[in-house]
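The values are calculated or read from the model by the stated rules, or taken from the named source; none is laboratory data. All values reported here derive from a predicted model rather than from experimental measurement. Positions of Cβ are generated from backbone atoms using ideal geometry, with glycine treated the same way; all protein chains shown enter the neighbour counts. For the accessible areas, the whole protein counts, side chains as well, though only heavy atoms, and no ligand, DNA or RNA atoms are used. Shrake-Rupley method; radii C 1.70, N 1.55, O 1.52, S 1.80 Å.
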Amino acid sequence: MSQRLLLRAGLVIDTEPAPVVRRDTDVLIEDGKIVAVGRDLGVTDAEVIDASDRIVLPGFVDTHRHLWQVALRGSAVDMDLGGYLQRVLGEHGARYRPEDVAAGNFAGALECLDAGITTVQDYSHVQQGIEHADAAMDALESSGIRAVFGYGQSPLTGARVDPAGMRHVVDRVSGRVTAALAAIGPSYAPLDVVRADWQLAASLGLPIVLHVGSGPVALEPLALLKAEGLLRSDVLYVHGNSLADSELKLVAESGAAVSITPAVEARMEIGGPMAGRLRAAGVTTGLGIDVVTTAPSDMFSAMHSILALGYQTLSAADALQMATLEGARALGLTDQIGSLRPGKQADIILLRASDINLIGGSQDPIGTVVTAAHPGNIDTVLVAGQPVKRNGHLLAPGLPAVLDAVRRTVEHLAA
C-alpha cells in the first residue's frame, strides 16, 4: 500500500524555475515523492500535517563539507588556510581511526538534518583505508541524510585517489548515498596524479569534486585541464577565489559548477568573494559550509554571508536559489532534489512562521527566510517523505550514543 502524506495549507516557497511564494498551499507526498502542489487538493486518504502556520521549503543542499571534523569544532577559527591544514589535517586527521570517522560523519549528518540540510556533499579527505571509507558510509546511511560521498586523500599527501578504495566505495553505494571522486586536483597535485584521477573517475562513471585556486602547483589550473583534454561537465570546483576571470570562463564553457563557502573563505582570507563573479561568468554556483573548525554549520548563516555582498550583487531570492536548486544542479541532482516540483524526492523543511524572529514576515517571505530564519525555527524535516525531525526535535534514536562517540574522539585526540 502506498504511503501518502499531505502538508496542508502552508506558506509554500518553491524554487523552480525561480523562487516563488504560494500561500495556503497543499503539498501531497506519495511513496517518498512529491506528487502534487496546489490549493485545496481535496485529499482525504493521507496522513495530514497542518502547515497553516508553517513556511514550507525544499531542503537545503550543502555542496561542500568535511563531515568528519565535528570533534574539531572551533579549533581553527583564528588560523589561515596553512594553519588549518597543518593542525586539522596534519596533526589530527592523521590520527583519525575508523571509529572517529564514523562518529564525525554521523554527528555531522545529524547536525545537517537538524538545520534543514537534507543533502550534503561530503568531501572525505581523511581516508586511510577501506575501514575508514566503510565507517564514513555506514554513518551516512544510518543518519537518514541524502549524500554524495567524496572519497579522497589528504591534500598533504599529494597522492592520487586509491583505485581499490574507490572501487570499493562504488560497489557499496545505494539508495540516498552516491559517490564522487574527491581529487586533490591540478592546483595542488602534479599532472600525473591529475591524469590518473581523471582516468579513474571516467572508468567508473563518477563525478569529480576538487579544491581549486591559482597555485601553488598550477597557476591556471583550468587552462591546464583544457590543454590536457580533461575539462568535464560533471566536475564541482570548490572555492576558486584566486582564479582569474579567464579561468571562470572555462568553468562556464565546460558546463561544470563551483561550490563557494563564503564564511570560511572570508575568515581564512582565501581571497575576494566569489558569488558575484561566478554569476557574472554564468557559472552554476552552490553554497557550502566547508568546515565547522572555522565557520557556522547551517545554510542560513551561509546565505547571510552572501547577502552581505550588497543588494546589487545578489538578491535574497538568488541566495535561496543557491542554497537549494542551484546546489542540486551543482551536484547533478536537479532531477531529484532542490525544488518542490512534482516527481522529485520529498526532501522538505517546515519552519514555524509564528516564531518571534519570523513574525511579521508575510510581506516578503523569501526575504524573511533568508535574512531572519535560523535552525531553531525548523519544526519538521523530511527526507524522501520520511520525517527525520518533528516538533523541533531530531528523530534519531542513536543520538546519545553518537554524542558519546564524538566525546571519545575528542579524548583520543587530546591524549
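Points to keep in mind about this one:
- Subset of the range 372-392 that is open to solvent by 40 Å² or more (accessible area, probe 1.4 Å) and more than 21 Å from the chain's Cα centre (by Cα) - its residue that is nearest to R97 (Cα to Cα): R390
- Flag if D318 is modelled with pLDDT of 95 or more, open to solvent by 20 Å² or more (accessible area, probe 1.4 Å) and under 20 Å from R23 (Cβ atoms): no
- As a summary of the residue check, Q153 satisfies the conditions (1) at pLDDT below 95; (2) crowded, with 24+ Cβ neighbours inside 10 Å except for the one numbered (2).
- Residue match in the range 228-248 (condition: of a type in the set (G, A, S) and farther than 19 Å from L278 by Cβ): yes
- In the range 43-69, of all residues being without any contact (Cβ under 8 Å) to a residue 60 or more places away in the chain, out of contact with any Asp or Glu (no Cβ under 9 Å at 6 or more places or on another chain) and not acidic (D, E), the one that is most open to solvent (accessible area, probe 1.4 Å) corresponds to T44.
- In this structure, L72 does not qualify as touching a residue at least 24 places away in the same chain (Cβ under 8 Å), farther than 26 Å from R390 by Cβ and open to solvent by 30 Å² or more (accessible area, probe 1.4 Å).
- Total residues in the range 280-296, condition in contact (Cβ under 8 Å) with a residue 40 or more places away in the chain, within 20 Å of V370 (Cα to Cα) and either surrounded by fewer than 23 Cβ atoms within 10 Å (Cβ to Cβ) or β-branched (V, I, T) (or both): 3
- Selected residue (criterion: least open to solvent (accessible area, probe 1.4 Å)) from residues of the range 176-188 that are hydroxyl-bearing (S, T, Y) and under 12 Å from P216 (Cβ atoms): S187
- Complete set of residues in the range 341-366 that are free of Cβ contacts under 8 Å to residues at least 12 places away in the same chain and either open to solvent by less than 10 Å² (accessible area, probe 1.4 Å) or closer than 24 Å to R390 by Cβ (or both): I356, I359, G361
- Every pair of residues 6+ apart whose Cβ atoms lie under 8 Å, when the first sits in the range 23-38 and is open to solvent by 20 Å² or more (accessible area, probe 1.4 Å) while the second is of a type in the set (S, T, Y) and outside any strand (DSSP E or B): D24/S52; E30/S2; D31/S2
- Condition met for R267 (more than 19 Å from T324 (Cα to Cα), of a type in the set (D, E, K, R) and at pLDDT 95 or above): yes
- Selection status of A136, surrounded by 23 or more Cβ atoms within 10 Å (Cβ to Cβ), in a strand (DSSP E or B) and at negative phi: no
- Sole residue being part of a helix (DSSP H, G or I) and either open to solvent by less than 20 Å² (accessible area, probe 1.4 Å) or among the polar types (S, T, N, Q) (or both), chosen from V410, V369: V369
- V173 satisfies every condition listed in (1) open to solvent by 30 Å² or more (accessible area, probe 1.4 Å); (2) among the β-branched types (V, I, T); (3) touching a Leu at 6+ places or on another chain (Cβ under 7 Å) except (3).
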